[in-house]
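Read the structure below first, then the notes.
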Amino acid sequence: MARGDGPLPFEQLEPYMRGAKFAAQALGRRNGKHDPDLDADAARYFDMAERYRQAAIATFRIKRERSQP
C-alpha cells in the first residue's frame, strides 16, 4: 500500500491475518536456532493472529446476518 491509501476493506482482514500467522511461523522455524527467544515470540504471534482471524470471521458473519432482511 502506498502512503495515503485508505485502509483495506474489512473483508481482507481474514486473509491478511492468515498470511501473517504463517509468515510468523516460518520466521520462527527458520531463525529459532539462532535466537531461542524468537521461537517463543513467533508462536505467541501465531496464536494472536489466529485469534484476530477468528474474530474477523465472527464479526463478518454478524455484519452479514444483520444486513439480511
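Evaluating residue 4 against the criteria (1) small (Gly, Ala, Ser); (2) at positive phi; (3) not in a loop (DSSP other than H, G, I, E, B) leaves one unmet condition, (3). Cβ-Cβ contacts under 9 Å between residues 6 or more apart (or on different chains), taken from a first residue in region 1-15 that is under 17 Å from residue 53 (Cβ atoms) to a second residue that is basic (Lys, Arg) and open to solvent by less than 90 Å² (accessible area, probe 1.4 Å), are listed as 13/53; 14/53; 15/53. Which residue is surrounded by the most Cβ atoms within 10 Å (Cβ to Cβ), if the candidates are limited to region 24-64 and must be closer than 27 Å to residue 9 by Cβ, of a type in the set (D, E, K, R) and modelled with pLDDT of 90 or more? Going through the qualifying residues, I end up with 53.
The values are calculated or read from the model by the stated rules, or taken from the named source; none is laboratory data. Model, not experiment: these values are computed from the prediction. Because the Cβ atoms are built from the backbone with ideal geometry, glycine has one as well, and the counts that use them run over all protein chains shown. All accessible areas refer to the heavy atoms of the entire protein, side chains included, with ligands and DNA or RNA removed. Shrake-Rupley method; radii C 1.70, N 1.55, O 1.52, S 1.80 Å.
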